Structures are given as structure tokens and as C-alpha cells.
1. Enumerate the calculated ³J(HN,Hα) couplings along the range B:6-11 in order (Karplus 6.51 cos²θ - 1.76 cosθ + 1.60, θ = phi - 60°), each rounded to whole Hz, writing x wherever the residue is Gly or Pro.
2. Name the residue from A:Ile1031, A:Phe363, B:Ile236 whose Cα lies farthest towards the positive end of the charge dipole of the protein assembly as shown, charges +1 on Cβ of Lys and Arg and -1 on Cβ of Asp and Glu.
3. By count of other Cβ within 10 Å, fewest leading, how are B:Arg240, A:Arg1038, A:Arg100 ordered?
4. At 222 nm, what value in deg cm²/dmol follows for chain B if DSSP H runs of at least 4 each add -39500 (n - 2.57) and the sum is divided by all its residues, to the nearest 500?
5. With contacts defined as alpha carbon pairs under 8 Å and 6 or more residues apart, what's the relative contact order of the range B:5-148 in percent?
6. Please state the shape class of chain B: rounded when a/c is under 1.5, otherwise prolate if a/b exceeds b/c and oblate if not, all from the C-alpha gyration tensor.
7. What number do you get for the range B:5-148 when its Cα radius of gyration is normalised by 2.2 N^0.38 Å, N = residues?
8. Can you tell me the dipole magnitude for the range B:5-148 around its Cα centre, using point charges on the Cβ only (Lys, Arg +1; Asp, Glu -1), in Debye to the nearest 20?
Amino acid sequence: MPKRTDIHKILIIGSGPIVIGQACEFDYSGTQACKALKKEGFEIVLVNSNPATIMTDPQVADRTYIEPLNISFLEKIIEKEKPDALLPTLGGQTALNLARALAKSSFLQKHGVSLLGASLSAIEKAEDRELFKKAMQEIGLQVPHSFTVKSLAEAYRALNHLNFPLVIRPSYTLGGMGGSIVYNSQEFSEYLQWGFNQSPVHEVLVEESVLGWKEFELEVMRDKADNVIIVCSIENFDPMGVHTGDSITIAPQQTLSDKEYQVLREAAKKIIRKIGVETGGSNIQFAVHPETGKMVVIEMNPRVSRSSALASKATGFPIAKIAALLAVGYTLPEIQNDITLKTPACFEPVLDYVVTKIPRFNFEKFPLTPQVLTTQMKSVGEVMAIGRTFKESLGKALQSLEVSVPSFCDLSKNQIKEQLNIPSHKRIWLIYEAFRKGVSVEEVAHLSKIDPWFLYHVEECVGLENVIAHHKICRDWKDIFAHSDSAPRERHSRSLPAVRTRRKNTSQSFSNFVSLLKQAKQWGFSDAHVAKLCHQSPQDIESLRICENIQPVYKVIDTCAGEFESYTPYLYSTYDDEDESKISSKEKVVIIGSGPNRIGQGIEFDYCCVHAVMALKGMGYETIMINCNPETVSTDYDTADKLYFEPLTFEHVLPILKLENPCGVIVQLGGQTPLKLAQEIERAGFKILGTTVATIMSCENREFFSSIVEELGLRQPQHETATSKEQACDAAEKLAFPLVVRPSFVLGGQSMEIIYDMDNMKRYLSVAFEGSSDNPLLLDRYIENATEVDVDVLCDGKDVYIAGVLEHVEEAGVHSGDSSCSLPGFSLSESKIKKLEEQATAIAKKLQICGLMNIQFALLSDSIYVLEVNPRASRTIPFIAKVTGLPLVKIATELMMGRPLSLRGVPWATRESIPFFAVKRSVFPFIKYPHEDCILGPQMKSTGEIMAIEKSFPMAFAKAAQAVDSPLPSEGAVFISVKNEDKSQAFEVAAELLKLGFSITATRGTCEYFKSKGLHSVASINKVLEGRPHIVDALKSRALHLVINTTKGEQALRDSFDIRRCSLELNIPYFTTISAGLCAVQAIQAMKQRDFEIFCLQDLHTLTY
Amino acid sequence: MATSEAFLFLEDGTLIHGKSCGARGTSVGELVFNTSMSGYQEILTDPSYYGQIITMTFPHIGNYGTSPLDDESDKVWAKGLVVKDMCEKPRLRATLSLPSYLANNNTVAISGIDTRKLTRKLRSQGSLKAVITTESTNSKNLFKILEKEPPMLGRNLSFDVSCKKHYRIENKQAQWRIVAIDFGIKKSILKYLKERGCEIHVVPAWSTAEEILSLHPQALFLSNGPGDPAAVTTAIETIRNLVGTMPIFGICLGHQLLCLALGATTYKLKFGHRGANHPVLNPAKNSVEITTHNHGFAVNHPGASKSEGSHEVSIQNLNDHTLEGIYDPKNFLLSIQYHPESSPGPLDSLYLFDKFVEMMRGFHK
């Protein structure tokens, strides 16, 4: 059955901004699908509000709309583009829900748009808990005992028929949003309403929990000829009760016998057929009772998912690409396996390695949130690691996380046991400690409900730790390594002392230690880990390893366990015998990726890395990607010429560099992760392309940086550096409050705070500062009420190109990753822009930047302050590239490869070439962290961003509100409560809103101020502490439609916490800075006068490069 | 030699050091690889592996221990097992750990081997003869052992694994009385036949047509089994005499023997098909089944059956386009190269047992 000829134009919906539960895996799947379908000759219309994606690059689809993902915009786009079909299964839950709504209202039918992949009935059967349960029962499969309820009354009736603990699962949500585990009726009442609120259809499933059962997932594919294959099985390390996105997971499944596995496989086949997913992939989750083996079906996603991205990377089988081809009519046997090139895609991949995924959390940014894992996902990213054995892959995955290993050595055996049954992101390390303290596998298994098979491996690793730590050689180390105590030496000479050692040391205990070292490496121990055990330096372990020839080999991921030859160089390291890497004689460049997504380092950096690959390919280089994030486009084996799926630690990067011997390494595009490796890579004798390591390091050096700023005659906020607590306090007194304080070398404003007085300074020092000269504390005078501007530049060391001048909406002090911004600026004068450009140019030239650089400025009246310089790609690069149409990273890569800017002029983006405004706005995960304040500050908290384009700034701002699913009201009541400094501006806001027909409610102080200024119709309302009915009551009764609330000082912050939290939970738009409030009012005004337009990226761009 | 040591020695002279994880001793056989990720116990007890040392491509073997439910015959028939990592601890529900089970079955096994390297070697060089030993590292001795081992080509092994005399599997709900020739039959095949209403008379591999006919069967089943099909000449003769007298259903070796009886030829595959993920196109349904394979020989493609007026449909492997089965409704013949009973593997092809019953119904209506 060849492809369909009745459709020509296909609409693909992306998944929007990165949020918890929906991350860049959908950029990976969407990009794959767009590429595959375009190649088949279809015209692709793409809608996605997220500019930091590869899929929204103008070359990926034919018609790209970076527009809000809601019904009204989609309807406009469909009316304009008139696609023949809509493919809804690649953009996560967002796309699926939108497609369902469009189909349900008959809009698609009316416009002759057919649904590909999943029909309306399939979507409903899979997503509607009641229909799903019924469908499962019809095919004889069991589901947990449950009731679907639409009201509190129904829920309490259901309670009579169910036993605690129960799981509350809202319908049609992603990432288990709104889900809870409840153990008693009080908790039940508490969490039920929360669940209802989170479900777009106000429906929840109340289900008897299968807590502690083993959890499995199967990735299933089906074509229209009814061929069904299982691409991959995934086993959760953590038992049921932890969202699979938050679980450590292992592929393939390890603990089921074949007969047990076939029961799941048969069930999966039946389910995909029963639900009626005609073509494409689905993810099905099962729970299996650890003792009886009884199996129940938990849920099914009739679309590609985070798990399918993981399964694709784990197997080498590109699920999204195949799903797209199946959707347009191909069948599985008609599609070739990319890797073997001989066999068809209709088969089930077999693995000869083990894959471990570990989620990455950012709890440190949300200190009030209990660090307990539940059915509602909280992780912000993940790493995947591949090893020949579970031990190796687990060890590599833990190393990939880039987190400091939590220590539990102070806990007693009993304390550890008490904690083992609490699922947490640190539990894996707790388990290691439990074994160190002598807890048995049986006990750990009993407490944690983790399958003993996994635990045995961990226990064996701990056993090996013990043997190594007590090895005789550790006491006589000095004799062996005569030079081990010498100062740091050149890396290539490190092996020398050990070589000498080997000649003289042939003792039994030495060779015994060498074999232990080999075993440790095979079991996934890092050099640093072994070094710590025997109290030596990692370099000594490395030297010993190298002269004893204990080195990693590289094996290929080939979908078939070696049965057929493979042609795709997708590799992983392992300490086994045979090396399969084939090294070409071409000139090569290594690009180091950005590792797991985390707040502050997300998809933007993957975008940059992928662009570098494309640029380098175009220039004729062989591209080599190293990364460990399975969600990304960069780890698609189709992206770079060669992919090494490895932890981004120096230990894992170095052997690849040695093997490949590239002409250079790119570190400035992947955020902090590769930058951290730059020095060591250079020391090892490899060339860092672009801006030199010295410059990179100097930008973090305050003294040096200040001297440069001074030399150039520029200003920066008064500042001090402190290496001790006393010094810090002295510096604070000297500078005077308010201050911005932060440790050096941070990303995303980690531990960064604005401090207003000495008490808080002391509190900060006691929790956030260790005091060391390696990582000093930086104190800057905080410039209040300043406008912040981001300037991104390209530089070849001589010439500078200003890529973009972005004006922030929120004042300086709100982390640049969290504030909204506009390109072009909405209030900056031409002369000011010129000044900023001049200063940026001077800095770039002075620093001899080669590639990209980002500078943050603060503007206060006529003064310009340099806040920060980042000698690397920033998170605004994809946004600017989307606005201007210029491939900034591509140009930067060319610069790094030695091609000067002047050689091929880059057209300047001017007001004429950008005849519109683009607003970037961030999205926040606060809803997942119920105890956190949602006020913005210097610590970055957002997970993703959207872009909104309109002809005027106010309209763009209004559209941005739509895109973050918090549309501005055009009528109703507005609540205003502001700090004193903001009152005069708040007056403007209030007066304008009244003119626009809104009513205003304010807290007493603000209200009196307004009245004194002549706004008599403003109503007053109680603060929460002033007695009821108060502001939160009004919010809850939905009497207010917009909240503008600015605060200062801890007391005021505490008092207004509930206002922000309640607005967030009820999805009432709220602004916590007056500057954003002003923009909102302008936006409402504009919105009332005209309708939103839609813009196709390919029509907008006038610049070409 | 240390008590836990073991060596794997290949006929190309490669000597690989590993760890013993089964019985002690020395064993020789044809080294083959299997890509199934689960089902090691079924594989080890499948008589078709007689004469072979199996290397599993999946690195962790023994994860869920062993259970009598997973036995495909009364003992381990494989000559040895080669793995990357052996799980020594049985899970709660297991009867025995795999190493203990292997030891009880007197089967040598070696772990700590780069099985991917081995697999790639077999892929490029073809199946090799190999020895696993916990006793000697003297390559001269090991070569001698290898030399004594005859090549797989031309070897009739089914007589070694067959039942020695006729027995009957009772079935109170029996609707059909069939004869199954035991060339190394798997328990699950008998189970699926019984479930479909067959009373099964299992007869030795060397049974003659007369002996079979004397049991008055309504159909004949030809089982799987080890070795070179072309070497089982008596059985080919028996089958030739029975074609046309009743419906015949063959699996694996049974398929090859039926095709040989019909005049086709067989050949040895370079490294065979062993795994649970092979796509097979069923032309009748125009759909693909994911199937379990275990065969080192295959039937030559064109005209597997040359009998007059055959209405044969041939079934193809989508990976390498080898013949995976024939169906001749007119002559009531159905033979399948792969394993519809799977065990281990996907259950996509169980319907073939129904098809056999359907054939019987058609023949006897």
C-alpha cells in the first residue's frame, strides 16, 4: 500500500512551550515527522508557539506559524492554509487535545480536513478514563477498580465502593497533572477539587491504587494493514506510585519471564486495535503484581510520547518518523530500517545493551516543595545512558546527571530504612548507602518495592567499592605511583609514571587491583569514584587505567543485536572487548551538547548545537555529537554524522576526542555544561573553536572583567567579591543595600537573590554560601527600577554584528530567562539602542569574542550599566533567529571555523527588515509546586518560552498572553495592589482600565491612593489577614479577572502569597511587576480595537544569508 | 585452573577467557547466536538446539531464574551457553537460579564474554564449532576435541533427541486423532495441539509410513528438531509415502522434511535465524507476523513443492527473503519454517494451529 495521493497539504501541531511533562521530545518527534513528510513531497504547515525548537526553523516545514496553540488561532490557520489533513499525534497532549476539540466541533469536517493517525473516537477512547476502562473490559483486560466522576457528590458516592489508598487522575491532562495519591478521606477531599480544576473537562478518575506494583511500558506501532509491532519494552525501577516521567526506567524490561512478557505483548496488541489507533505509535502502561504476577492496564497514550522518544533513542528505531510515514498510508514492511538499510521497519528491535533513564529535578529552585515523588510529574529533564550491563548503564546515567551526589553517610541504618519507602529523586543514592550500612537486598526490596534484580546489582557495586577501598594497594599507593603527588602536569604526560610502575610492579596484589579496577570500570564506576575509594586523584586512576590498557571501546546501536550490518554510527562506550568505531579520514568537529534539560539550560542550547551541526555539514566537515539527553534533536542519529551517546564528563569526552582526533571542539553552544569542560579539553591538547578558553574563564573572573569595563570607560553596578562570610558582610555594608548576591559560576541564577537588609544577608550566607576562593560570592549593588536589555552579538574577533537588542518588560532583577522581552524594543530610543550597540561592540572586540556573546545591560534614566557578559550562545539566540530570519548559529559556526564576518556580509536586522514586534514570554512550573510563591526574582524558574508576533507591541503582548494560556480579559474586574514605589504608575493603569470599562478593586492602601487621585469608583477589599470576605474569596468566586500585584519586603510577600497562588490555580492572569501591568493595559486597549492576525514565518522574513 | 574459570575455544583458534556459570566439564558444539531478549530456559530445553552451543546476544541472562513451567522438554539439550552477564540470584517466584539449573542439567556455561563481538564474528564467518571448558586450556587438546565433532552439514541429530518409543497424549475432549513424529518436539507444540482437540500419538523419528498408518491418524504432524534435514532420509521417505493420505502440518525441521519429501532441496544458512523478532509476510492475510526462529537450514526457494497441480502459497521472511513456509490447501499441506508455538517469543502465529485443525476438518468433511 503506497502513500496516499488524496492529501497534499498536512497540518502538524507542535506541543508549545517546554513545561514539565512536555519537553523537547516533541521537538524531536515533530522535526522527524516534518522532515520525513516533506521528503515524501507533502506540503507541511506547522503550528507551534515555541521559538526555541528546531521544528519551527523556516526550512523544516513549508509554512511555519509561531502562534498560540489554541482553538481560535488554529481555526484561523486552517481557514487560511486549507490543509487536507491534520496529524495530531506528534505534538504531545497539547496537540491531541486541540485536534480533539477541532474534530468534536466539526470544524475539521466543515473544512475538509481529515485526521491522520488517530481518529476522534480513538483519542476519546484512550483519553476518556471511563471509555478506556470499558474498552479494556470488553477485551478481557483488567484495570484497577475505579470510578470516573464529574462532581464532588459522585466522588463521595464512589468512595463507598473503593479502598484506600486511591489515586486521583484527572482526564485529558499531561504529566499526570492534578494527580494525587490519597490515603484517607481527608486527603481525598483535599485533592479532589485540585484534580477537577486541572482537568480541562472537569472529570477525574478515582482509582484503587496499585502502589508498589511493578510498572512496565510498551511502545507499540500499528499500520493501516493492521501490522502491529512492539518497538521497545521499558521497565520502571521505581514501582507504581511514581509518575513514569519521574521514575528511573530501564529498557528493555529485565525481570519478566518470556511467558509473562508475552502476556503484556498480547495485551498491547489487543489494546491498540481496540482503541482503534489506525496508524502510528502508542504507549501503553501496565502494572504487574510482584508476587502473583497479576497484570492490570494503567493507561494508554495514542500518540508519540516522552517514552517513545526514549524508546527511539534506546533502540535506534525512529518511532516518530515511522509514525508519520504510516499516517500517510505506508505500511511497516514498505519502510526500510535506516540502520541496517536491508531489512524492513516491520520487526521488533532487539537490544544487546541496557539503557537507563534517570530524570533530572530542580527541587533546589522550589525549596518549599516536599521532595517526594508522586503520580504528578515534577522532573524537568532526563538523561539516558547505555551500557552493556545494567550496572554500567546505571553508573553512566548517574554520572550524566551533572548533580552533586547527595551524601547519606550521616544517617544510621534505621534512619535509612525509614526513608527507603519514600519515593524521592535521591532514593537511588540512599539505596547505595543502605547497602554500605549493611541493609539486605530483601529489606530494601521490602521497603522500597523495587525489584530485587535491580537491587542485587547495586549491592554488588557497593561490595566492589568495599573491596577496592580495603585493598592493600591503597595503603602502598606511594610506592606504585612515585610521582603521584607531583603538581598538575600536562595530561599527555600523565601516563609516564604509571608506565614505569608497571615494569617494576608485577606483584600479585597489583595485578589483583588492576583486575578490580577493570571490573569497576565495567560496572560503570567513574575514575573519580574509584579515586575517592582509594584516596587518590582521578588522574592517577586514569593513568593506571591507560597503561594497563583498561579503556573504553565503542559499540554500535543497531536495532538487531549484531545480526545484520549497520550503517549508522550511533555509538556508546563500554568496557568490553571489541571496538566497532570506524574513524574516517575526514576533517572532524566535535560538538558537545548541553546534557539534561534543567531550568536555565534547556532546549535553546540543543537548538544551537543542532544548528552548528548543520552548518558544519554544509562546510564539509564530519560532525560528531556527544550528548546524553534522549529528548533532543541533537541525539537523533540522523542529526550529526556520528553520535556518541555519553555522559558529558571529561572522563567520557576525552577518549572520544583521542579516538576521533577532531580539528576542533565546539563548547560555546551547549550552555554551561560544555563550557565547564573547556579548560580540560584544551589542556589535553585539543582545540576549542571560537572564543578562547582564557576569555571564557576571564568573563567569570570579576576583577578581570571589571578592569575591562573600566578600560572601556563603561559602567557597571558597584560590586565586591567575597571569599568568606565576614568579607561578605563587610562588602555589603560598603556597597549598601539592596544587593544582588550570587556565587560565581552559576546558570539560571541558581542561589541568586536580591537582599534588602543585613538580617537577610546573614540568612543567605548561612544557607547558600560555603565560603571558598574557588567559588567566591559576588555582590552587586542592585539597581532598582532599571530596564533590562539583552544584547546578543556575533563577532569574529575583529568585526561585530549586533544580532538583536531585546528589551525586557520586567525590570532588572527579574532573571532574564523569566522576564518577557520584545524585539525590537518597545520603548528604547534609537539613540539608546545605538549606545547599547556601541558598548556591546566594544566589549566583544576587547574580549576577542569569536562566535556568539550575550550581554545584559541595565538602563536607568541616562545611565547604562553592564550587568553580565556571557561568552557563549544565550537562550535568546533561537528567538532572535526566528524574528530576523538569520541563521545566527550557522554564522557563528562559520566564524568559529575561521571565516570572517566581512567575507560575506550579514545583512543588519533593522526596523525596516523587522516590520513587526515579537514578544517572548516565559512559562512557569509553579502549578506543579503547590507550596511555592510564583513571584519572579533573580533565580530563574521558568521551564520554557513562547513567541508572539504582531504588528504592534501591545498586540504582540496580548497574543503572548494567549500563548501562555492566560489570555487577558477584555472586560470585568481588575484587582490592583501595589507597593508604594509603584503607586503612581498603578494609577495610570487603573485610570486606563476604568476608561476601558473595567471595574477596579484594590486593597485599602492602594484604594485610598487611587481615590485621593480622583478615581472614586475603585472598590476596596480586605487583604487575607484583614478578615473575610477577602481578596482570595473574591478570586475563588471568580469575581476578578485580572490581578496586578507588586510587593516588596518579606512580610508583604507573605501576605500576598495566597493572591498569586490562587490566581495561578484558577488561571486568572496576574502580573507581579508594574511594568508588566502597564504593558497588559496597553495590550487590552489594543485588543479591544482589533483582532489578532496570524503570520507565516516564511512570509515575514526579508533577510537572507 | 581456578574453580570459577572457563574458556571458550573456537575452531578459528580464538581462545576467550570467562567465568564458569554452569556445570563443570568440557562440551563441544556448533556455536550459534540467539537474539531473544527473554526465554533462555525455553531455548536451552528446545531439542532443536541439540549439538549447539548458544550465545545469547542479550547481555543479562538468568534474570528471572528458572521454573518448570518454562521447560520445553525434560532436559537441557543445548551443548552449552555463552553469556555476557549471568544472574546468579533467583527471583522469589523462581524454582532455581539459572546457574544451578544448568549445573543440575550438566550443562557447561560461560559468562563475562563480549557476546556482541562473538555475534559479529559469527555473522561474518558463519557458524563455528566451539568448545566450552572448565578443564583445559591446552589448545592442542581443544583442537582435537573440535576435530572429532562432525560438521553440522550432513548430520542427523533428530534420532538422538526423539522419543524412543510411541506414546499417547490423552485428551478427554479429543476430536482429532493425530500422529506427531518426534524429531525433537517442544512441549508447547503438544500443548497447543491438545488445546485444539487433538489426541496425539507421538512416534519416534524413524517410524515408517506403515507404522504411522496403523495408528489410524486423521492427520500427521512433523515436529521441529536439530541437525541437517537432508540427513534424515528415512523420515523423508516416510513423509513422501504419507503425502496425500492425510493433512500434514510441519514445523521447522518438520517443514524442511516435508519440502524435501516434495522434491525441494535444503541448504545451510551462513549463521541461521535464531531469535524472536523476525518479520514474516503471510501472503494469505497480507500481514506481517513477528515470529520466533530457530533454524540453521532453509529450503530452496523456487518450487519448494514440485508436485503436480500444487496450489502452493509460499511464506517469506522479510529480512532476507528466505522461505518460511508453504501452504498447499489442495493437497492439505502446511509447513512452517519458524515457530508458531514461539516459546519463547511473540504469539502472533498461533492461528496456524487453528489452520491445521481447519485442514483436518476440510479433509474429513
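Values quoted throughout were computed directly from the atomic coordinates according to the rules given, and no laboratory measurement underlies them. Nothing here was measured: the structure is a model prediction, and the numbers come from that model. Here the Cβ is made from the backbone with ideal geometry for all residues, glycine too, and neighbour counts use every protein chain on show.
1. 3J(HN,Hα) across the range B:6-11, in whole Hz: 8, 10, 10, 10, 9, 5.
2. After comparing all options, I get B:Ile236.
3. Least to most surrounded, the residues fall as A:Arg1038, B:Arg240, A:Arg100.
4. -6000 deg cm²/dmol
5. Across the range B:5-148, relative contact order equals 35 percent.
6. Working: a/c = 1.87, a/b = 1.67, b/c = 1.12.
Prolate, since a/c reaches 1.5 and a/b exceeds b/c.
7. For the range B:5-148, the normalised Cα radius of gyration is 0.96.
8. Dipole of the range B:5-148, to the nearest 20 debye: 400 debye.
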